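Please read the structure below before turning to the comments.
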Amino acid sequence: MDTPVFSMRNASGQLEGFDMDALESLGKALGVKIEYVKMTFGTMLGDLLADKFDIAMSGMGRTLDRARTATFSKPYMRYGKLLMIRSADREKFKTLADLDKPGLKIAYNKGGLNDRFAHTEFTQATPTGYPSNQLATADLLAGKVDAQVQDSTAAVYMARLNPALAAMSPENVLHPVLVAILLRREDQTLQNYLNIWIDQIEMDGTLAAIRKKWLG
């Protein structure tokens, strides 16, 4: 899945991002080759239980709903939600109330926390679902929607990359959540290892270097 900052494809089609760098470290620690499996937030839990992959990382918010079915490693990041808008609309849209009006469209990536946020916070505007963040952002830039629900990390990162985009009120992060690795409940040995690995890369500076690279 595409989650700006955490997992993305560059112009050459190669995977890159915060979680890609972290997974490179994990592969070396485990002595295995990491094989990437494409997934969507909507089918993620079912695919995990069907053994289509072993762990899920893509800015994975640690939620009680997901914990009813699967389990998580200890967290390695914290973030929340922000609305991404066009820079030209900075003065027009400063709060959720400015966006929650009839006739306005709010883009979101289907099946995950962005989906829930869009349908929880907007009662007058029209939540508009997309199969990927990338497609939602394209329509935002094209003027087909008025804002996009984004992870706070992604909104700030995208605004840095593209001056046509802005994070609305970046100092006011909404719905904060801890980011962790999703895995099956029965994989207790793997969960124990992941927790030790997270502690290790936090202590040896690996995680700090990855944070600085992608988030400044």
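The values are calculated or read from the model by the stated rules, or taken from the named source; none is laboratory data. These figures come from a predicted structure and were not determined experimentally. Please note: Cβ atoms are built from the backbone with ideal geometry, for glycine as well, and neighbour counts cover all protein chains shown.
Residues in the range 49-99 that are of a type in the set (Ser, Thr, Tyr) and part of a loop (DSSP other than H, G, I, E, B): SER58, THR63, THR69, SER73, TYR76, THR95. I'd like to check something: does the range 134-146 contain any residue that is outside the structural domain of LYS38 (by TED's automatic domain parsing), at positive phi and of a type in the set (Gly, Ala, Ser)? Among the residues of the range 134-146, at least one is outside the structural domain of LYS38 (by TED's automatic domain parsing), at positive phi and of a type in the set (Gly, Ala, Ser), which makes the answer yes. For the range 32-48, what are the residues that are among the small types (Gly, Ala, Ser) and either modelled with pLDDT of 95 or more or in a helix (DSSP H, G or I) (or both)? Across the range 32-48, the qualifying residue is only GLY46.
For every residue, the table says whether it meets (1) in the same structural domain as VAL156 (by TED's automatic domain parsing); (2) at pLDDT 95 or above; (3) loosely packed, with under 14 Cβ neighbours inside 10 Å; (4) within 25 Å of THR120 (Cα to Cα).
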{"residue": "ILE55", "(1), (2), (3), (4)": "no, yes, no, no"}
{"residue": "GLY59", "(1), (2), (3), (4)": "no, no, no, yes"}
{"residue": "ARG62", "(1), (2), (3), (4)": "no, no, no, yes"}
{"residue": "ARG66", "(1), (2), (3), (4)": "no, no, no, yes"}
{"residue": "PHE72", "(1), (2), (3), (4)": "no, yes, no, yes"}
{"residue": "ARG86", "(1), (2), (3), (4)": "yes, yes, no, yes"}
{"residue": "ASP89", "(1), (2), (3), (4)": "yes, yes, no, yes"}
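Scanning the range 1-15 for residues that are farther than 18 Å from LEU165 by Cα and in a strand (DSSP E or B) yields SER7, ARG9, LEU15. Considering the range 108-216, the qualifying helices (runs of 4 or more DSSP H), each wholly inside and each with 2 or more residues that are without any contact (Cβ under 8 Å) to a residue 12 or more places away in the chain, farther than 24 Å from LYS92 by Cα and out of contact with any Gly (no Cβ under 8 Å at 6 or more places or on another chain), run over 188-203, 206-215.
Residue-wise test of (1) among the basic types (Lys, Arg); (2) under 16 Å from the mean Cα position of the chain (by Cα); (3) not assigned by TED's automatic domain parsing to the domain that holds ASP199.
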position	(1), (2), (3)
THR3	no, yes, yes
GLU16	no, yes, no
ASP21	no, yes, no
LYS38	yes, yes, no
MET44	no, yes, no
LEU48	no, no, no
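Flag not set for THR95, criterion: polar (S, T, N, Q), surrounded by fewer than 21 Cβ atoms within 10 Å (Cβ to Cβ) and under 29 Å from ILE34 (Cβ atoms).
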